[in-house]
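Note sheet for the following structure.
The values are calculated or read from the model by the stated rules, or taken from the named source; none is laboratory data. Not measured: the values here are computed from a predicted model. Cβ atoms come from the backbone with ideal geometry, glycine included; neighbour counts cover every protein chain shown.
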Amino acid sequence: MPARVRAFRSGLYVGEDPVYRQNLIAYSDSVELKASPGLSVRRSYSVKLLATIGGIFLAAALFAKSPAHASRNVDQKDFEVSDGRIESVAQNRFMVSSSEMRATIPGTSGQDIAVDFVYLGPTREISRLADSELRHQFGVKLRSQDTCNCVYVMWHFDESQIVVQVKKNSGKKTHADCGDRGYITVKKFAVPHVRVNESHTLAARINGEKLSVVANGISALVKLPVVAFTFNGPAGLRSDNVQVIFNYKVDR
């Protein structure tokens, strides 16, 4: 058995509480995930770990406390993934394990999104930004007209901060068209460090010209520049070089 799996089963990743450890072992022995290409043992056991945690994830409570009024869970078929992949896993949750992921949810208002997630660690493969930076991040998009025009609310894991940016490139639609051009940084604020196998929450809502953001209970109110309202589109997700299991809700 691989060392990583032995560590999960022995409780090294969930503390030394014997009851908690036994629950993890019982669950991992009783649940099987359907294998898919590239689904590693490490990730499958991480999925089982998340399902065992259950009580600390508490998605409904987390969304209720966030500024985003959670109106509807998202199904896998609702995602329009333009880069990377999103996999469906146990307990009605989703997993990202590709080095980068870009997705939107057609039919959503684009004004509101709330997400809770557990970080499983960095991806095996890496993807660098256009300026060659290696960034570990997970976050949401609002008013996402396309990859060149949207509002980003991203959790930068290495710097332990939330970064709000507007990306505006008139007449551009694809990454080939705009690359990393057009970014306007609107706000940065410090948040707790993201650790492996801990649950985190991120919620964002646009109301008028203001954007409210809540990350693990830390809130910020941001006035968006006028340029953020020159385009419109659905809500979405983005990740770079991180493996996460997540669930989220949006307004339709």
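Remarks
- Unique residue being assigned by TED's automatic domain parsing to the domain that holds VAL153, closer than 23 Å to LYS249 by Cα and in a helix (DSSP H, G or I) when the list is ALA220, ALA204, ALA228: ALA228
- Test: SER132 is without any contact (Cβ under 8 Å) to a residue 24 or more places away in the chain, in a strand (DSSP E or B) and in the same structural domain as LEU237 (by TED's automatic domain parsing): no
- Looking only at the stretch 116-163, and only at residues there that are among the β-branched types (Val, Ile, Thr) and either at pLDDT 95 or above or in contact with a helix residue (DSSP H, G or I) (Cβ under 8 Å, 6 or more places away or on another chain) (or both), the one that is surrounded by the fewest Cβ atoms within 10 Å (Cβ to Cβ): VAL163
Results for (1) among the aliphatic types (A, V, I, L, M); (2) touching a Gly at 6+ places or on another chain (Cβ under 8 Å), shown as yes or no for each residue.
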position	(1), (2)
ALA90	yes, no
SER144	no, yes
VAL153	yes, yes
LYS167	no, yes
THR174	no, no
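- Considering VAL191, VAL196, VAL164, the condition of being among the aliphatic types (A, V, I, L, M), touching a Ser or Thr at 6+ places or on another chain (Cβ under 8 Å) and under 27 Å from GLU125 (Cβ atoms) is satisfied by VAL191 alone.
- Checklist (1) assigned to a loop (DSSP other than H, G, I, E, B); (2) among the acidic types (Asp, Glu); (3) touching a His at 6+ places or on another chain (Cβ under 8 Å) applied to ASP116, failing item: (1)
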